[in-house]
Amino acid sequence: MTQEETLDILKLGYNVFLTGPPGSGKTFLLNKYIDYLRGKRREVAVTASTGIAATHMNGVTIHSWSGMGIKEELTGQDIKKLLKKSYLRKRFRDTNILIIDEISMLHAFQFDLINQICQAFKDRPEPFGGMQIVCSGDLFQLPPVQKDGEAKFITESEVWNNMDMKICYLEEQHRQESGKLLALLNCIRNNSANEARELLINSERAENQFPIISTKLYTHNVDVDAINQFELSKIEGKEFVYPMQAEGNKNIVAALKKGCLAPERLVLKRNAKVMFIKNNFNKGYVNGTLGKVIRFDKENRPIIETLRGRCIVAIPTSWTVEEDGVVIAKVSQIPLRLAWAITIHKSQGMNLDAAEIDLSKSFVRGMGYVALSRLRSLTGLKLMGINDLAFLVKKEAVELDKSLKQMSQQTAEEIKDMNSQQKKKGQSQFLRSLPEDGYIKVKAQEQKEHLSTYEKTKLLVIAKLSIKKIAKRRDLTENTIIRHLERLMANGEELNLEHLQLPEARFEKIKSAFQQVGTSKLTQVYEILGEDFSYQELKLARLFLITTKKSDK
C-alpha cells in the first residue's frame, strides 16, 4: 500500500494498524497525519510503547498517557481511582484520536487494559470508547519480555476482533542510501537465514577502517556491563559515585528499578561515554541522548557534552508510582548510564549511524533483525560475531506478516473503489465529528478587535487551551504566558484556570512548600522541592493559591 492511500484511510477515521519494514515511512506518515490534524485544530494524543520511540514524535509513553503505568491488571477499584484524577479526565475529554507507535513492544493484555481505561473515561462501550486508534509498528521487532516468558501480539488481544481495524502495510522504500541493508532485513523477514548470511558476507563494510564512533550492541547485560566497566577503568582520574535512593513499597520499588534503566550505583569519570535515560525537553535531552562527561561542577554533578555540542548539568531525577495522589514508591538517580555498550533490547527505537554488533550469543529469534534495523545503512555495521539463531525470526511473525499483507491488499482495494468525491465527503464528515480545540472560536474576535497582548492571552484561556498551546499560538514562551496570567489576576480579572490545574499530588507538594516558607518567593520553594519541579510549575501553582485566597475572602 502507498503512503497516499494510507493517509486517505487515516483521514476517513478508521482504526488503523500501520506496519511494514524499516524504511517504508511509518513514522514519516504518522507525523504527516499529526500535522494534518493539528493544522485543522483537532486534538491528537501521540504515544509509544517505549520512551525512546515516543521522543521521535514528541510524544509520551502510552503507559504514562493512559494512567496504566506498570500495572499488569486493573480491578474495578483501580479504574475508579483513575477516574478521580482530574488531569486524566481532561486528557480523555479532549482526545478523540490516539496514536500508539512501536506497538510490537506492547503486550496483548496491556492493549486490553488501555481499552478498559478508554471505555471508562469516555463512558462508552465501543472499543477504546469510540476513539480512532492508530497503531504502528513492525512485528518482527523484539516483543516485550514477560515474566512467564510468553509475549502475545496485540492481534491476540480480546478487543482486536471488535475494532474493525484496517491494515495498512507500507512496502515502498524511502531510504535509498541503505538498499543493501533493506535487502538483508527483507531476507530475515522472509525467514531466509542462509540467504541473509550470504548477503552479509558478500557486502562491503568498513570492518578494518571504521570511520565513525560507534555504539556497541550486545545480547546480554553481563557483556554490556563488562564492556562499560572495562572502558571506564581505562580512563585515568577520579571516580564519582552516585548511589540510587529509594523509598516506598518494596515490590513496586523493585519494578521501578528494573523499568527506569538507571543503575543502582552509577560510577562516572571525566570523558566517560554516557546516555541519558529519561526525557527532559526543557534541559535539552531525551531518553537515548548520547554524550560524554567533560567535567564535574562544585557539587560533583556531572556536566555532559552531547553529540550536538550542548552542555548539560545532569542532576538527580525521580521515577515514582502514585495512588490516589500519594507517592507509594520512588527511586531517585542521576538519569545517566554508561554507553560504550547497550543491550539490543534497550536499543529498540534508536537510529544509529554506526554500531559494533555482537550476535554470537543471540538467545531469541529476532535479535539479529532488531540489531541490524537500528542502522541507517550497512556501511555503518561492524559485525563482531554471529550464531545460528541470529537471523531467525518467530514463525508466528512470518505467518502473521503474510496475513497482514493480504488484509492490506483488501483495504487498498476498498479505498480504490471510492472516487475522490466520496473520499473527500467521508473525510470531511469525520473531521466535523471531532471537536475543535477552542482556538478557532476566539480567532474571529481576536482579528476584529484591537486587543492588548494580555487580552489575547485571556481569550485563549477562556477557550481552555493549555499553556503550551497558548504559547505556540501566540509565538511566545510559556513563561511569558504565565506572566500574562499573573498580570491579569493582579488587575482583578477572574479567570477560570481549572483546565490548567497540576496533578493533585504535585500541587499539594508545592502548596505545602509555600506554606512552609511563608512567602510567595519561588527561590525558597524551589530549594525545598528540588529539580523535580520546574519554576513554571511553581508559578502556575502560585496562581491557584492566589485564586484560593481570593475565594476564601
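Quick notes
- Per the conditions (1) surrounded by fewer than 17 Cβ atoms within 10 Å (Cβ to Cβ); (2) touching a residue at least 40 places away in the same chain (Cβ under 8 Å); (3) not β-branched (Val, Ile, Thr), the sole criterion not satisfied by Tyr36 is (2).
- Consider the stretch 341-361 and keep the residues that are open to solvent by less than 10 Å² (accessible area, probe 1.4 Å) and over 20 Å from the mean Cα position of the chain (by Cα). The one that is farthest from Leu142 (Cα to Cα) is Ala354.
- For Asn96, the conditions (1) touching a helix residue (DSSP H, G or I) at 6+ places or on another chain (Cβ under 7 Å); (2) in contact (Cβ under 8 Å) with a residue 60 or more places away in the chain; (3) under 22 Å from Ser136 (Cβ atoms) are fulfilled apart from (1).
- The stretch 282-304: number of residues that are surrounded by 15 or more Cβ atoms within 10 Å (Cβ to Cβ), within 29 Å of Lys468 (Cα to Cα) and not small (Gly, Ala, Ser): 8
- Taking the stretch 155-210 as the range and being at pLDDT 90 or above and closer than 24 Å to Arg365 by Cβ as the test, the residues that pass are Thr155, Glu156, Ser157, Trp160, Ile167, Tyr169, Leu170.
- When the stretch 250-279 is limited to residues that are modelled with pLDDT under 80 and out of contact with any helix residue (DSSP H, G or I) (no Cβ under 8 Å at 6 or more places or on another chain), the one that is surrounded by the most Cβ atoms within 10 Å (Cβ to Cβ) turns out to be Leu256.
- Any helices (runs of 4 or more DSSP H) falling wholly within the stretch 28-127 and containing at least 3 residues that are of a type in the set (Phe, Trp, Tyr) and over 13 Å from the mean Cα position of the chain (by Cα): 108-122
- Listed conditions (1) open to solvent by 30 Å² or more (accessible area, probe 1.4 Å); (2) at pLDDT 80 or above; (3) under 30 Å from Asp388 (Cα atoms); (4) under 28 Å from the mean Cα position of the chain (by Cα) are all met by Val224, apart from (1).
- Test: residue in the stretch 106-115 that is in contact with a Phe, Trp or Tyr (Cβ under 9 Å, 6 or more places away or on another chain), touching a residue at least 24 places away in the same chain (Cβ under 8 Å) and closer than 15 Å to Ala45 by Cα: yes
- Residues in the stretch 396-419 that are outside any helix (DSSP H, G or I) and closer than 16 Å to Glu172 by Cβ: none.
- Test: residue in the stretch 17-24 that is under 23 Å from Leu372 (Cα atoms), without any contact (Cβ under 8 Å) to a residue 60 or more places away in the chain and in a loop (DSSP other than H, G, I, E, B): no
- Looking across the stretch 485-540, just one residue is among the small types (Gly, Ala, Ser) and touching a strand residue (DSSP E or B) at 6+ places or on another chain (Cβ under 8 Å), and that is Ala505.
- One residue alone among Met57, Met68 is modelled with pLDDT under 85, within 28 Å of His345 (Cα to Cα) and touching a Leu at 6+ places or on another chain (Cβ under 9 Å), and that residue is Met57.
- Conditions (1) in contact with a strand residue (DSSP E or B) (Cβ under 6 Å, 6 or more places away or on another chain); (2) outside any strand (DSSP E or B); (3) open to solvent by 30 Å² or more (accessible area, probe 1.4 Å); number of the one not met by Glu231: (1)
- Filter pass, Val241 being free of Cβ contacts under 8 Å to residues at least 24 places away in the same chain, farther than 17 Å from Ile277 by Cα and among the β-branched types (Val, Ile, Thr): no
- In the stretch 129-151 there is at least one residue matching the filter, namely being at pLDDT 90 or above and either open to solvent by 30 Å² or more (accessible area, probe 1.4 Å) or in a helix (DSSP H, G or I) (or both).
The values are calculated or read from the model by the stated rules, or taken from the named source; none is laboratory data. Because the structure is a prediction, the values reported are computed rather than measured. Cβ sites come from the backbone with ideal geometry, for glycine too, and all protein chains shown count toward neighbours. The accessibility values were calculated without ligands, DNA or RNA, using every heavy atom of the protein model including side chains. Shrake-Rupley method; radii C 1.70, N 1.55, O 1.52, S 1.80 Å.
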